[in-house]
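K.L.:
There's a structure below that I have some questions on.
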Amino acid sequence: MAAWLSRTVAWRNGSWLLPCPVSVVRVCSRGVESASSAPGPLSTFQDKLRTVEDLPRAGFLELMYRLFFQGYYKRIHELQIYEKQKYGPIYVDSMKSVCINTPKLLEEVMRNDEKFPSRGDMSLWQEYRNLRGFGYGPFTENGERWYDLRVVLNKRMLHPKDSAQYGDILNDTVTDFMKKVCYLRQCSPTGDLVTNIANELYCFALEAIASILFEKRLGCLEKEIPAGTQDFINAIAKMFSNDMIVMLTPKWSRSLLPYWGRYIAGWDGIFNLAKTLIDQKMEVIQQRLDNNQDVEGEYLTYLLSNTQMSTKDVYGSIAELLLAGVDTTSNTLTWTLHLLSMHPQNQDILYKELSTLVPADRIPTAAEVTQMPYLRAVVKESMRMYPVVPLNARVIADKDVTIGGYQFSKNTSFRFSQYAISHDEDTFPEPFTFKPERWLRDGRERPNAFGTLSFGFGVRGCVGRRIAELEMYLVLFRLIRQFEIKPDPTMEELKCICRTVLIPDKPLSLYFVDRGRNSAA
Ligand code: HEM
């Protein structure tokens, strides 16, 4: 997840998945052009293909000015919209990557995805793993080794049928989350307010992904969060808040400045939890083997006992899966609840759908929730409006490509402004309005799918997609069936800031008003 701005502060804060560019594309020497003069994609009738030299170029100093003097530092997503207006749909950014700003251009790049797609250099993340002797996981690995790793990791995770097998585990986690919400409401002065729902959803997402990966409950939804879990949460924050500065400072300063030590301590915290839980599972497996008993279990048991993966590679992969599976899902849920609270009519439609399709005294199955069109549309539209991963990238390493009528030599790095793309007015009329109906398959023309590649694309796409979707559907179903979610009128407008992923700029308070029905929530 991290590494876009390995060499500048600029995008670093929004660099969840991003690599630093592998190659420096040749850029034109003229100054920045305004949007009106920015070249758009070429018509096929023009006889000469343009090159990267013909693209507008965003200046580094100007970027610094925008980030630090105009305050875009934490609003990278807004900067994407600004730069799109200024430079047009395709331009060379100040890191010399080619910046892509429309669904159509994104589609062109993604259709050129290679056998082993790459987001770029992940050397800073790799450095930690080399230092501690851990293997590379799906984020840090590249090339053929990455491919072999994904073949193993995809099993039991990526296919909808695979994720369905986790329905019961996830439903147990949802049940505990519902209890926690009820407890927090009762503790509030009005009896129905939860003051920092994002925090609770964070614990829920960690509990859910850990219950799948480790086949074990961590207790994050207890009234008190276990110390080890809290350490893990703090470690993620520590790693993310120090890796930018580590990238910016020269290696020789690492022993003089505190950042490298903090960065390593952050990773240590992340890997400690993963390693402890993996070691515990290995002990259980070993005991069963020693007693000639069958070894049963799901994800981790499968990785440890049915694959050729070495233990150090299992550490590397599980730690990265754990890291990827928490902030993403929890923030998407936060945005979805916020949007539903602000749009009671949409919430009513959703409530009607789910209360019609599943009897009130029954918890829904994985198969049921994944077939609810409005629930799916609500989540998709929330991810369009608030793409938690607002940047992504590809390096087309092995071939020259033509994108938008421009020719690029091999090794060109493309950066995708996911936020600008999913707010593209031509693809999504009224892009800042919440309209889940856009996504319904009811005969209307649906938007270009490349407008919201929330989980990425192709073989390098998100490995946890099916799990994340199931997790989100199950918990939203139960919340909306039991409660009417209402905004807290004392709260100021909720905005988003980019801190690696798109998060709310303040704690979100919501009212959970009991619908008073007899339900199995
Ligand atoms: C709402 C939830 C989530 C969103 C929006 C999300 C989004 C993404 C995106 C955009 C990518 C980049 C894909 C590409 O470059 O084409 C990605 C990669 C990845 N995600 Fe997710 N993700 C989510 C949940 C999860 C979960 C729950 C897990 C773990 C089980 C996970 C594990 C990963 C991993 C390991 C990768 C790297 C894959 C690779 O490079 O081969 N994600 N995710």
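Nothing in this text is a laboratory measurement; each read-out follows from the coordinates by a stated rule. In this text, all values refer to a predicted model and were calculated from it rather than measured experimentally. Positions of Cβ are generated from backbone atoms using ideal geometry, with glycine treated the same way; all protein chains shown enter the neighbour counts.
K.L.:
What is region 111-161 by shape, rounded, prolate or oblate, if you read a ≥ b ≥ c off the alpha carbon gyration tensor as root eigenvalues and call it rounded for a/c under 1.5, prolate for a/b larger than b/c, and oblate otherwise? Don't skip to the answer; put the middle values down first.
P.N.:
Numbers: a/c = 2.65, a/b = 1.38, b/c = 1.91.
It comes out oblate by the Cα gyration axes.
K.L.:
Further, regarding this structure: Could you pull out every one of the lysines with an alpha carbon less than 24 Å from that of Lys281, ignoring same-chain neighbours closer than 8 positions?
P.N.:
Hits, sequence-local ones excluded: Lys155, Lys216, Lys312.
K.L.:
Put +1 on the Cβ of every Lys and Arg and -1 on every Asp and Glu Cβ in the chain; which of Val151, Thr190, Asn171 then has its Cα farthest towards the positive end of the dipole?
P.N.:
It is Val151.
K.L.:
Here's another thing I want to ask about it. Please state the relative contact order of region 371-466 as a whole percent: Cα pairs under 8 Å, 6+ residues apart? Mind showing how you got there, number by number?
P.N.:
Working: 113 pairs, mean separation 30.5, N = 96.
This gives 32 percent for region 371-466.
K.L.:
Using 1/(1 + (r/R0)^6) with R0 = 35 angstrom and r between the beta carbons of Arg50 and Glu425, what's the FRET efficiency to the nearest 0.05?
P.N.:
In this case the efficiency is close to 0.90.
K.L.:
Let me ask another. What is the gain in length, in nm to one decimal, between Glu437 and Phe69 on full extension, counting 0.36 nm per residue of separation less the C-alpha to C-alpha distance?
P.N.:
Details: separation 368, 0.36 × 368 = 132.48 nm, distance 3.93 nm.
Length difference between fully extended and current span is 128.5 nm.
K.L.:
Applying 1/(1 + (r/R0)^6) with R0 = 25 Å to the Cβ-Cβ distance of Ser188 and Glu492, what FRET efficiency is obtained, to the nearest 0.05? Each step should come with its number before you reach the end.
P.N.:
Numbers: r = 19 Å, r/R0 = 0.76.
The formula returns an efficiency of 0.85 here.
K.L.:
Pull up all non-local amide H partners of Ile396: gap of 5 or more, or a different chain, and H-to-H distance under 5 Å with H placed in the peptide plane.
P.N.:
For Ile396, the qualifying residues are Asn411, Thr412, Phe414.
K.L.:
Which lysines does Lys48 reach when only Cα atoms under 26 Å apart count, and residues fewer than 8 places away in its own chain are ignored?
P.N.:
Output for Lys48: Lys84, Lys86, Lys96, Lys104, Lys399, Lys410.
K.L.:
What is the Rg over Rh value, at two decimals, for region 61-167, using alpha-carbon atoms and the Kirkwood definition of Rh?
P.N.:
Values: Rg = 18.7 Å, Rh = 17.4 Å.
The Rg/Rh ratio comes out at 1.08.
K.L.:
Next question. Take the Cβ-Cβ distance between Lys155 and Asp279 as r, set R0 to 25 Å, and report the resulting FRET efficiency rounded to the nearest 0.05.
P.N.:
Values: r = 23 Å, r/R0 = 0.90.
Once the sixth-power term is evaluated, E becomes 0.65.
K.L.:
What is the dipole size for the chain, taken about its Cα centre, with +1 at each Lys and Arg Cβ and -1 at each Asp and Glu Cβ, in debye to the nearest 20? If you can, show how the numbers build up before the last one.
P.N.:
Working: 63 positive and 61 negative charges, 188 e Å.
The dipole of the chain has a size of about 900 debye.
K.L.:
At what distance in angstrom do the alpha carbon centres of region 158-174 and region 246-292 lie from each other?
P.N.:
Centre-to-centre distance over Cα atoms comes out at 28 Å.
K.L.:
As I understand it, the dipole of the chain uses +1 on the Cβ of Lys and Arg and -1 on the Cβ of Asp and Glu, about the Cα centre. Which of Leu304, Val52, Ala274 lies farthest toward its positive end?
P.N.:
It is Val52.
K.L.:
Going by a ≥ b ≥ c, the root eigenvalues of the Cα gyration tensor, does region 122-245 fall in the rounded group (a/c under 1.5), the prolate group (a/b larger than b/c) or the oblate group? Please list the in-between numbers first.
P.N.:
On the way: a/c = 2.88, a/b = 1.54, b/c = 1.87.
Cα axes put region 122-245 in the oblate bin.
K.L.:
Separate question: Find the centroid of the Cα atoms in region 203-236 and in region 337-357, then give the distance between the two in whole Å.
P.N.:
29 Å
K.L.:
Going by the alpha-carbon gyration tensor, a ≥ b ≥ c the square roots of its eigenvalues, is region 237-375 rounded (a/c under 1.5) or, if a/c is not under 1.5, prolate (a/b greater than b/c) versus oblate? Numbers along the way, then the final one.
P.N.:
Values: a/c = 3.87, a/b = 1.27, b/c = 3.04.
Oblate, because a/c is 1.5 or more while a/b does not exceed b/c.
K.L.:
Send over the semi-axes of the chain's equivalent ellipsoid, whole angstrom and largest first, taken as the square roots of 5 times the C-alpha gyration tensor eigenvalues.
P.N.:
Values: eigenvalues 266, 174, 100 Å².
Taking √(5λ) for each Cα gyration eigenvalue gives 36, 29, 22 Å.
K.L.:
Would you mind calculating the gained length between Asp514 and Gln345 on full extension (0.36 nm times residue separation, minus the Cα-Cα distance), in nm to one decimal? Could the numbers behind the result be given before it?
P.N.:
On the way: separation 169, 0.36 × 169 = 60.84 nm, distance 1.73 nm.
Using 0.36 nm per residue and subtracting the Cα-Cα distance, I get 59.1 nm.
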